[in-house]
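The values are calculated or read from the model by the stated rules, or taken from the named source; none is laboratory data. What you see is a predicted model; the values in this text were computed from it and never measured. Neighbour counts run over all protein chains shown; Cβ positions are idealised from the backbone, glycine included. Side chains included, ligands, DNA and RNA excluded: accessible areas come from the protein's heavy atoms. Shrake-Rupley method; radii C 1.70, N 1.55, O 1.52, S 1.80 Å.
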Amino acid sequence: MQALKLLLLALLALPAWAQHGTEAVEPRTVTVGISHAPPYRVVEDDVRSGLYVDVFEAITAHLGWTARYREAPIRRALLLAQQGEVDVVLGPRRTADREQYLDYAIPAFPSERRLFFYQTGTQRIERYEDLYGRIIGVLEGASYFPRFDADEKILKEFAPRYENLMLMLERGRVDVVLAPELVGQYTANRLGLRVSVSPFSVPGERRYIAVSKYSPIHDHVDDLRNAVELDELAAIYREHTAKYLGESAQ
């Protein structure tokens with residue numbers, strides 16, 4: 001009995017740390033730069049949600065960490081990471097320039113194809129050359145793939161959100177909308193629009209949970225990496241993908 005009392009006293013004396021394997025991980029608050037880009041990152045009133053947010057919070061919950069969100073357009077969020085004013089950015093592409101200030105800690109988000117959505121059969125894209133002579137709706141500031149991004153012969157119509165682009169497609173202001181697969185499906189379902197997908201598509205790039213190299217959190221990046229196995233993250237991603245597509249279709 002005396003031994004049991006001593007054990008209980010020892011447990012009570014331990015700090016309130018989350019246990020990761022056999023190591024203690026101190027609770028921390030992580031500032032996350034986040035922009036409104038559904039279904040990945042959703043910023044509505046006081047709610048911060050979305051596929052990337054759900055996956056990241058599964059990691060922080062395992063560690064006993066708290067996520068605090070700072071809303072900013074993606075370019076601004078990256079600048080804040082470069083300045084060490086946000087700890088984490090969810091879903092950036094990996095580039096040589098960004099690797100100077102970002103640690104691409106977790107390859108949490110699989111690549112998605114870039115799809116060409118249309119409504120009438122005459123706007124169907126069978127090959128790259130079919131893009132010429134059509135008005136292609138694209139997101140302001142987005143990069144899709146090098147050939148397209150640099151092609152000044154293609155007519156591009158820009159909008160701040162994919163919701164705007166899909167409505168422009170419905171109203172005939174653009175012929176085709178170029179979007180990542182999940183974003184296009186989610187947005188069309190949410191708006192109740194009937195769209196088709198062209199046979200021509202382009203592979204996407206893997207996205208990451210990236211940690212600022214100028215953040216104090218970078219000293220604990222291994223805790224993030226080791227919190228959840230990648231196959232478990234993949235299962236969480238699939239589960240929440242189905243959830244968001246299902247919700248948007250209701």
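Points to keep in mind about this one:
- Residue in segment 88-105 that is under 30 Å from Ala235 (Cα atoms), open to solvent by 20 Å² or more (accessible area, probe 1.4 Å), of a type in the set (Phe, Trp, Tyr) and modelled with pLDDT of 95 or more present: yes
- Test: residue in segment 39-47 that is among the basic types (Lys, Arg), assigned to a strand (DSSP E or B), under 25 Å from Arg190 (Cα atoms) and in contact with a strand residue (DSSP E or B) (Cβ under 9 Å, 6 or more places away or on another chain): yes
- Qualifying position, being among the charged types (D, E, K, R) and out of contact with any Leu (no Cβ under 9 Å at 6 or more places or on another chain), among Arg206, Arg173, Arg161: Arg206
- The conditions of being aromatic (Phe, Trp, Tyr) and open to solvent by less than 70 Å² (accessible area, probe 1.4 Å) are met by Tyr186.
- Segment 156-172 - residue that is in contact with a strand residue (DSSP E or B) (Cβ under 8 Å, 6 or more places away or on another chain) and in a loop (DSSP other than H, G, I, E, B) and, of those, least open to solvent (accessible area, probe 1.4 Å): Pro160
- Scan of segment 59-102 for residues that are aliphatic (A, V, I, L, M) and assigned to a strand (DSSP E or B), ordered by number: Ala67, Val88, Val89, Leu90, Leu102
- Some residue of segment 187-194 being part of a loop (DSSP other than H, G, I, E, B) and at positive phi: yes
- Subset of segment 12-58 (residues that are of a type in the set (Val, Ile, Thr) and either open to solvent by less than 70 Å² (accessible area, probe 1.4 Å) or at pLDDT 85 or above (or both)): Val25, Thr29, Val30, Thr31, Val32, Ile34, Val42, Val43, Val53, Val55
- Unique match (being touching a Gly at 6+ places or on another chain (Cβ under 9 Å), open to solvent by 70 Å² or more (accessible area, probe 1.4 Å) and of a type outside the set (S, T, N, Q)) among Lys213, Lys153: Lys213
- Members of segment 59-82 that are farther than 16 Å from Arg28 by Cβ, in contact (Cβ under 8 Å) with a residue 40 or more places away in the chain and under 15 Å from the mean Cα position of the chain (by Cα): Pro73, Ile74, Arg75, Ala77, Leu78
- Checking each residue in segment 21-42 for being touching a Phe, Trp or Tyr at 6+ places or on another chain (Cβ under 8 Å) and of a type in the set (A, V, I, L, M, F, W, C) picks out Ala24, Val25, Val30, Val32, Ile34.
- When Glu129 is tested against (1) in a loop (DSSP other than H, G, I, E, B); (2) open to solvent by 40 Å² or more (accessible area, probe 1.4 Å), just one condition goes unmet, and that condition is (1).
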